[in-house]
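The structure under discussion appears below in the form of structure tokens.
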Amino acid sequence: MGYWNEECECMPPERLRSLQEKLLRNTVSRVYQEVPFYRHSFQKIGLKPEDIQTLDDLGKLPFTTKDDLRDNYPYGLFAVPLSEVIRLHASSGTTGKPTVVGYSRHDISVWAEVMARALTCCGASHDSKIQNAYGYGLFTGGLGVHYGAELIGASVIPVSGGHTKRQIMIMKDFRSTILTCTPSYALHLAEVMEELGVSKEDLSLEGGLFGAEPWSLGLRGQIEARLGIKALDIYGISEVLGPGVAVECPAKEGLHIWGDHFLAEIVDPESGEQLPPGSYGELVITTLTKEALPMIRYRTRDITRILPDGPCSCGRTHPKIDRCQGRTDDMLVIRGVNVFPSQIEEVLFRISHTEPFYLIIVERRGTLDELEVWVEVSDLVFSDEIRKLETLERRIRQEIEVVLGISVRVKLVEPKTIERYEGKAKRIIDRRNL
Amino acid sequence: MPIKQITVFLENKCGRLSSVAGLIGDEGINIRAFSVADTTDFGILRLIVNDPQRAYEALRREDYTVRMTEVVAVQIPDHPGGLAEVLTLMQEAGINIEYLYAFVAKLSGDALAVFRVENVRVAEQLMLGKGLKVLSGEEVYNL
């Protein structure tokens, strides 16, 4: 499988590092001059742009958080005049004001470039028909993929999210070869296909890029088997760019984060201290080429780790991060134990045939947190014997308890009890009033 | 030939049983025998109906978790000790019973019971060998 931009993607590591240091110095001096917020936050800790010379100085820079974006709503962190901004996107803003992100013409072309690299990873070329089922609109997913697909010269089908039956008809009739959407929606498509009697052989799909939410390897296996494709993980965050910041290569051994545009660090979510490669923590990203909205050490709230350096079998030299394990905000602290929905999801897959539809409910009875997991019973695991169902329930419970180290109640529920979202899946109901 | 039983997964929630019964009735399907087994969280409804395939499809359409299982219908002499005689014969034949339940209807004066056993087809031959009156699907569905 080829590269989109071999010279960049396979750049020798030393050259990449010196490029990064040059771009970092530029970015730091530019934000200091152009963005009062950064100038003040540097001055508060006595930091001068000249103090940042190499990548080892990165830790001296202050963090930027989602709250900083909200406090400077809508345009306060922009580093170019609005006349140079050609696109605005915004996050959903479930907790108050949305966060607004802007792009210069150059930013849009960089975005298309990294998305073209990502799509090429999953086999796209100018011959591909890319069905883009990410939402178009203020959400960065839809247009981000769209511009990358057009840059490649593929035929983009801008179907956007939702209208599942129509998606399936289009996928079949237009002979779409690449699918892009959230992993939970890909699984929903597979389910509805089965209901409609459309088999994967009726489709022409070959690959897919799935992201915008953490997903397990088990879910990947399901999507690959049921849609008959190679499914790769794509990472992005709108505050930094949108989809395409990092992408899994065909070797499936981590996601390359494009080092000519972004710097990645892992920090302890509590203390903010840098963690060594291999340790899980919060991903922090610094942009190196963003013009309109540069980000200095942005706290993504995504939990992952940087994989140890070393050549990747795909030939790309850019650093790799692991698949996201969850969000620092999704992390539930139950009786002092950190719990991520992805851990429970992995268990459900391991117990073969169990459909990955589950809901985690946390309640506080008295002073004690109680964890309950609802799991939908699929036809595959259903039995006419109570004994077998009870054994299944017990096995799920025991395996979750082994993984989490805390007790849990498992409840088998009827299919379609757990709400399906066409965008991101909701996996947690926290009824504690913390 | 063993007969087909429909099993439906039900959460212990108000109205679940009646919605299944309603669905079956609306399809014009007649229930011949049924049993409900339950735990604290969920129950399973087992049904013998006159048209198992259609009942199965109707329930699937409504997103129920459904399973079709083979069971054996056996005539039980309607007198004190009748069930015991049948069970003794089955025990002698080495047939292990998972569960059983009775029919509402009778056949030529005898009671009827559904037996869920391991290895249904072998069990059926063993029962016939013991002189038990085993009913065919046709006989049961057309009761």
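Working from Cα positions, state the angle (0 to 90°, nearest 10) between the long axis of helix A:13-34 and the longest principal axis of chain A.
70
In square angstrom, rounded to the nearest 10, how much accessible surface does A:Asp202 have for a 1.4 Å probe?
It works out to around 70 Å².
Enter the accessible area of A:Val145 (Å², nearest 10), with the probe set to 1.4 Å and all protein chains included.
0
Which lysines, if any, have their Cα less than 25 Å from the Cα of B:Lys133, not counting same-chain residues under 8 positions apart?
B:Lys4, B:Lys106
Could you rank B:Val104, A:Val381, A:Val240 by how accessible they are, 1.4 Å probe, largest area first?
If we order B:Val104, A:Val381, A:Val240 from most to least accessible, we get B:Val104, A:Val381, A:Val240.
Pick from A:Gly366, A:Gly211, A:Gly242: which residue has the top mean-square fluctuation in a GNM of chain A where Cα pairs under 10 Å get a spring?
A:Gly366
Using the heavy atoms of the protein chains alone and a 1.4 angstrom probe, what is the accessible area of the range B:6-143 per residue in square angstrom?
Dividing the accessible area of the range B:6-143 by its residue count gives 48 Å².
So if I place +1 on the C-beta of Lys and Arg and -1 on the C-beta of Asp and Glu, and nothing else carries charge, what would the dipole magnitude of the protein assembly as shown be about its Cα centre? I want it in debye, nearest 20.
Rounded to the nearest 20 debye, it is 720 debye.
Exactly which GluC sites (Glu not before Pro) in the range A:17-72 are in a DSSP loop and have at most 11 other Cβ atoms within 10 Å? List each step's numbers first, then the result.
Working: sites: A:Glu21, A:Glu34, A:Glu50; in loops: none.
Filter output for the range A:17-72: empty list.
Using only alpha carbons, build the gyration tensor for the range B:71-141 and give me the equivalent ellipsoid semi-axes, biggest first, whole Å.
Semi-axis lengths for the range B:71-141 are 17, 14, 11 Å.
Taking only the alpha-carbon positions of chain A and ignoring solvent, what does the Debye formula give for the base-10 log of I(q)/I(0) at q = 0.07 Å⁻¹?
The Cα Debye sum returns log10 ratios of -0.36.
Nearest 10 degrees is fine. How inclined is helix B:120-129 to the longest principal axis of chain B, computing both from alpha carbons?
30
In what sequence, largest accessible area first, do A:His256, A:His188 appear using a 1.4 Å probe?
Solvent-accessible surface, decreasing: A:His188, A:His256.
Extending each Cα 7 Å along its Cβ direction at A:Ser271 and A:Arg365, get the distance between those two points in nm, one decimal.
Going from the A:Ser271 label point to the A:Arg365 one covers 3.7 nm.
At a probe radius of 1.4 Å, what is the per-residue accessible area of A:Trp111, in Å² to the nearest 10?
Approximately 10 Å² for this residue.
Say R0 is 35 Å: what FRET efficiency, to the nearest 0.05, do A:Arg387 and A:Val337 get from their beta-carbon distance?
Values: r = 31 Å, r/R0 = 0.90.
About 0.65, to the nearest 0.05.
All other residues with a Cβ under 11 Å from the Cβ of A:Glu363 taken together, and with Lys, Arg as +1 and Asp, Glu as -1, what is their net charge?
So the surrounding residues net to +1.
Give me the net charge of A:Asp56's neighbourhood, meaning all other residues with Cβ under 12 Å from the Cβ of A:Asp56; Lys, Arg count +1, Asp, Glu -1.
Details: positive: A:Arg17, A:Lys60; negative: A:Glu21, A:Asp51, A:Asp57, A:Glu265.
Net charge around A:Asp56: -2.
Accessible area lost on pairing A with B, both sides, 1.4 Å probe, Å² to nearest 100?
Looking at A and B, the buried total is near 1900 Å².
Can you give me the angle between helix A:140-152 and the longest principal axis of chain A, using Cα atoms only, in degrees from 0 to 90, rounded to the nearest 10?
Result, in degrees: 70.
Only sites in a loop by DSSP and with at most 16 other Cβ atoms within 10 Å count here; which trypsin sites (Lys or Arg not before Pro) in the range B:1-65 make the cut?
Of the trypsin sites (Lys or Arg not before Pro), the ones in loops of the range B:1-65 whose Cβ has at most 16 other Cβ atoms within 10 Å are B:Lys13.
At 222 nm, what helix-only mean residue ellipticity would the protein assembly as shown give, in deg cm²/dmol to the nearest 500, using -39500 (n - 2.57) for each DSSP H run of four or more?
-9500 deg cm²/dmol
Could you look at chain A and say what percent of its accessible area is carbon and sulfur, using a 1.4 Å probe and all protein chains?
Within chain A, the accessible surface is 50 percent carbon and sulfur.
About the Cα centre of the range A:332-430, how large is the charge dipole given +1 on each Lys and Arg Cβ and -1 on each Asp and Glu Cβ? Please answer in debye to the nearest 20.
So the dipole magnitude of the range A:332-430 works out to roughly 240 debye.
Determine the sum of side-chain charges near A:Ala118: Lys and Arg each +1, Asp and Glu each -1, restricted to other residues whose C-beta is under 11 angstrom from that of A:Ala118.
-3
May I ask you to list the aspartates and glutamates whose Cα is less than 12 Å away from that of A:Lys252, ignoring any residue fewer than eight positions away on the same chain?
Qualifying aspartates and glutamates at Cα under 12 Å: A:Asp233, A:Asp322.
In chain A, which longest range has no trypsin sites (Lys or Arg not before Pro) that are both DSSP loop (not H, G, I, E or B) and surrounded by at most 15 other Cβ atoms within 10 Å?
A:1-174
Under a point-charge model restricted to the Cβ atoms of Lys and Arg (+1) and Asp and Glu (-1), what is the dipole moment magnitude of the range A:149-267 relative to its Cα centre, in debye to the nearest 20?
340
Test of understanding: extend the Cα→C-beta vector of A:Leu88 to 7 Å, then name every residue of the range A:137-152 with backbone N under 17 Å from that spot.
A:137-140
Taking the DSSP beta bridges in the range A:332-430 as the whole, what percent of them are antiparallel, to the nearest 5?
Antiparallel bridges make up about 60 percent of those DSSP assigns within the range A:332-430.
Can you give me the pair-distance distribution of the range B:3-69, C-alpha pairs, 10 Å bins, whole percents?
Bins of 10 Å from zero give 22, 61, 17, 0 percent of pairs.
Set Lys and Arg Cβ to +1 and Asp and Glu Cβ to -1, take the dipole of chain A about its Cα centre, and tell me which of A:Gly102, A:Met169, A:Leu179 lies farthest positive.
It is A:Gly102, whose Cα lies furthest towards the positive end.
If you rank A:Phe174, B:Phe103, A:Phe63 by how much accessible surface each has, with a 1.4 Å probe, what is the order from largest down?
Details: A:Phe174 105, B:Phe103 20, A:Phe63 60 Å².
Reading off the accessible areas and sorting them downward yields A:Phe174, A:Phe63, B:Phe103.
Would you be so kind as to identify which of A:Leu47, A:Tyr73, A:Gly59 lies farthest towards the positive end of the dipole of the range A:36-75, taking Lys and Arg as +1 and Asp and Glu as -1 on Cβ and the Cα centre as origin?
Selected residue: A:Tyr73.
With springs connecting C-alpha atoms under 10 Å apart, model chain A as a Gaussian network and identify which of A:Gly259, A:Gly137, A:Gly148 has the largest mean-square fluctuation.
Maximum fluctuation in the GNM of chain A, among the listed residues, is at A:Gly137.
Using DSSP, restrict attention to beta bridges with both residues in the protein assembly as shown and report what percent are antiparallel, rounded to the nearest 5.
75
Have a look at the range B:10-37 and report residues whose accessible surface goes down by 50 Å² or more when the remaining protein chains are included, against the chain on its own, probe 1.4 Å, ligands and DNA/RNA excluded.
Checking the loss per residue gives B:Glu11.
Given the pairs A:Lys129/A:Lys320; A:Lys200/A:Lys426; A:Lys230/A:Lys320; A:Lys200/A:Lys290; A:Lys48/A:Lys290, which are separated by over 30 angstrom at their Cα positions?
Table pairs above 30 Å Cα-Cα are A:Lys200/A:Lys290.
The values are calculated or read from the model by the stated rules, or taken from the named source; none is laboratory data. Values in this document were obtained by computation on a predicted structure and should not be read as measured data. Because the Cβ atoms are built from the backbone with ideal geometry, glycine has one as well, and the counts that use them run over all protein chains shown. When the accessible area is computed, the model is the full protein with side chains, heavy atoms only, and any ligands, DNA or RNA have been set aside. Shrake-Rupley method; radii C 1.70, N 1.55, O 1.52, S 1.80 Å.
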